Amino acid sequence: MRSASSGPRVLLRRLREVMAEPVSAQERLDKIVVLIAANMVAEVCSTYVLRVDNTLELYATEGLNRDAVHRTVLTAHEGLVGLVASEATPLNLSDAQSHPAFSFRPETGEEIYNSFLGVPILRAGNTLGVLVVQNRARRTYVEEEVEALQTTAMVLAEMIASGELAALAQPGLEPAARHSIRQTGAILSDGIALGHVVLHEPRVVITNYIAEDLPKEIRRLETALAKLRADLDRMLERGDVVDGGEHREVLEAYRMFANDHGWSHRLQEAVATGLTAEAAVERVQSDTRARMLRSTDPYLRDRLHDLEDLGHRLMRQLAGQDHAPSREQLPENAILIARAMGPAALLDYDRKRLRGLVLEEGTANSHVAIVARALGIPAVGEVPNAPGIADPGDPIIVDGTSGAIYVRPSAEIESAYAERVRFRARRQAQYLALRDKPCVTRDGQPIDLMINAGLLIDLPHLEDTNCSGIGLFRTELQFMVGQNLPRTSEQLALYRAVLDAAGDKPVTFRTLDIGGDKAVPYMETIAEENPALGWRAIRLGLDRPGLLRGQVRALLRAGGGRALRIMFPMIAEVAEFDQAKAIIERELTYLRQHGHALPERVDVGTMVEVPALLYQLDELLGKVDFVSVGSNDLFQFMFAVDRGNSKVSNRFDTLSAPILRALRDIVTKAKAAGKSASLCGEMASQPLGALALIGLGYRSLSLSATAHGPVKAMILDLDAKKAEAAITPLLEAPSGSMSIRDRLKDFADAEGLAL
């Protein structure tokens, strides 16, 4: 083969000419294998394409029997070609037939060839086929030849991905690049969505793969790498990082990847083969992604995220895109796909156009999942390689009822899901028919069914559901959607709008609950080993009293002339409640002195979500006007479970004896003290969870608006006394001796309750 400075680049130029010719797909593919064979002085060049049935079909060859094209089919793990496809790594052999994986196919005539070089045809880490060259003489192909073949494979990958080869395939045996994909993940938010893919961190679209001016491309790559490293250096010099800690160590490791000579050398080698700088980054990233996705080492798989992020940053440097495209410019029926994201990032998107969410990471109890449920967006998490399985604009179905997603679904699947959407709409119409019925159990127990809200977009749900009020208004969402701290006047306008929309119905405003994964862009983020246990919620408010006072003042002014309910989050000891309530008293004095209208009544309560508060209930209930259980955090803290960690988030049952006993104690003591007790966590949004809570004695539940219909339908058919009689003995039994969840399901079935 010729030197790396001439052979590959000549080949790429000729490939570009062939790609531009107005010929059929088969003719184009035949010309390509001839070109490769001639350029590499190989006697054989063959292209195998991965089909939808997970087999490899010979699509073109120079040197083997031409009659074998479209007739030779290998399984995805058969022969040397199958080995290259399954391992997604090149295979370079001087004596191919002695290799244990060699598979003799007499129709090809390849028994006379000894040397074998096969490289995977990769795109976004996914194998689309295999490109092979062979020679009669026993020889080991040099590194430059391997590089040349990998570079060519990249061009072929785009040809396959474009769908051009689909016309050559038999029905049902099309190339896998554009075939339907079904993946199953974890249910994050209920519902079904049909739409088109939008990537949260979109890949830079490469328009030119072949370099016109090689020295220029090398300079562009070096400049982009230098800027990337400089940006990381500046990040490490920031005040919140310079003092050290685990977060600095993580960033140091990240910078080490960016300065890795091996990584930069591979990028430079890829450019040297004749690729543009962008194409070189894409090829190196795709090779790395393919290897790491197949690795069994969890550490290496975790490092993939670091390398992918570096690749994205470098691509944006080269393309002159400092940021991703505007999140407001969404297509209709957008389905967002991301590796991971926080609730603030989700709220950045236009919710009128956003129909669904798919995450590689994320669990049902993570904050982004809670926000998705609040917005009524179907969501599925824990989908392997989620950003790599689809391209922007691909049709996709998100089934938040089963955890399945379908990328590029068949017409039959799409039709079936469209019918399911219509069925769900009819079921919602049935729930709507219950709108004006009083929420009373079959034995006459009234249940206050309220909704959780946090934005103006949620307010129409008050009318739609005819609920009893807003049991939890998450005030932090207003702080998370903007780029600047909301002024007191902006907060005042929001709180007045909420109270106006609610009319005579009560609204419980929870004060600012940020921190942990609820980051706001205008406040310095403090890196913590355990953010859920750290500087968040009321702790942040008491340490930054100006922030809390401003919010309390806005709430009190908004409540002028009417009843107001204020609730503090994450109270861990009674003294914290005393400090927080003192701020309310101080602001009331201030408003009184300045002639502002005061609320008719101010009820002050607290969330019960920190286990320490369970042992201070008697003292607390003597001071508060009401309590509301935050079942999400209470469960997390009681079981020492990181709700964002999929390995442990489902390890313990929310309907197990320890949590249910704690919930019973709270409502029993509240009733004895003459104080109201409600529950506003996700537990109330499931009909079975609501059944358990009513059996424990709760008569006020706050849940997502989308769950209101199913829960109300269950309540209307429920006998509360029977539910209490069913659950009480279950709590007295030894913990873990039975599944309370299964026993409650049996009870529901016997009573004819729809769950």
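The values are calculated or read from the model by the stated rules, or taken from the named source; none is laboratory data. Quick caveat: nothing in here was measured; it's all calculated off a predicted structure. Reconstructed Cβ throughout: ideal geometry from the backbone, glycine too, with neighbour counts over all protein chains shown.
Some observations on this one:
- The set of residues in the stretch 358-391 that are among the aliphatic types (A, V, I, L, M) and either at pLDDT 90 or above or within 21 Å of residue 287 (Cα to Cα) (or both) comprises 358, 359, 377, 379, 380, 383, 386, 389, 390.
- Options 580, 563; residue that is out of contact with any helix residue (DSSP H, G or I) (no Cβ under 9 Å at 6 or more places or on another chain) and touching a residue at least 12 places away in the same chain (Cβ under 8 Å): 563
- Consider the stretch 474-525 and keep the residues that are modelled with pLDDT under 90 and of a type in the set (Gly, Ala, Ser). The one that is surrounded by the fewest Cβ atoms within 10 Å (Cβ to Cβ) is 482.
- Restricting attention to the stretch 541-577, the residues that are within 27 Å of residue 619 (Cα to Cα), in contact with a strand residue (DSSP E or B) (Cβ under 9 Å, 6 or more places away or on another chain) and assigned to a loop (DSSP other than H, G, I, E, B) total 3.
- In summary, strands (runs of 3 or more DSSP E) completely within the stretch 20-85 and bearing 3 or more residues that are in contact (Cβ under 8 Å) with a residue 60 or more places away in the chain and surrounded by 17 or more Cβ atoms within 10 Å (Cβ to Cβ) occur at 44-50, 55-62.
- Residues within the stretch 663-685 that are small (Gly, Ala, Ser), surrounded by fewer than 18 Cβ atoms within 10 Å (Cβ to Cβ) and part of a helix (DSSP H, G or I), tallied: 1
- Residue 646 in contact with a Cys (Cβ under 8 Å, 6 or more places away or on another chain), outside any helix (DSSP H, G or I) and either at positive phi or crowded, with 17+ Cβ neighbours inside 10 Å (or both): no
- Counting the residues of the stretch 452-494 that are touching a Cys at 6+ places or on another chain (Cβ under 6 Å) and farther than 19 Å from residue 604 by Cα gives 0.
- Residue check, residue 660 crowded, with 17+ Cβ neighbours inside 10 Å and within 21 Å of residue 740 (Cα to Cα): yes
- The lone exception for residue 603 - which of (1) crowded, with 20+ Cβ neighbours inside 10 Å; (2) more than 30 Å from the chain's Cα centre (by Cα); (3) in a strand (DSSP E or B) it fails: (1)
- Matching entry among 730, 718 (being touching a residue at least 24 places away in the same chain (Cβ under 8 Å) and part of a loop (DSSP other than H, G, I, E, B)): 718
- Which listed residue is within 15 Å of residue 664 (Cβ to Cβ), in contact with a strand residue (DSSP E or B) (Cβ under 8 Å, 6 or more places away or on another chain), assigned by TED's automatic domain parsing to the domain that holds residue 608 and not hydroxyl-bearing (Ser, Thr, Tyr), from 731, 679: 679
- Scan the stretch 134-190 for residues that are hydroxyl-bearing (Ser, Thr, Tyr), buried (at least 21 other Cβ atoms within 10 Å of the Cβ) and closer than 20 Å to residue 85 by Cβ and the total you get is 3.
Table: residues versus (1) at positive phi; (2) at pLDDT 85 or above; (3) touching a Leu at 6+ places or on another chain (Cβ under 8 Å).
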| position | (1), (2), (3) |
| --- | --- |
| 138 | no, yes, no |
| 141 | no, yes, yes |
| 148 | no, no, yes |
| 167 | no, no, no |
| 176 | no, no, yes |
| 201 | no, no, no |
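- Residue list for the stretch 435-487, restricted to those being over 31 Å from the mean Cα position of the chain (by Cα), farther than 21 Å from residue 706 by Cβ and outside any loop (DSSP other than H, G, I, E, B): 440, 446
- Of everything in the stretch 251-299 that is exposed (fewer than 13 other Cβ atoms within 10 Å of the Cβ) and in a helix (DSSP H, G or I), the residue that is modelled with the highest pLDDT is 265.
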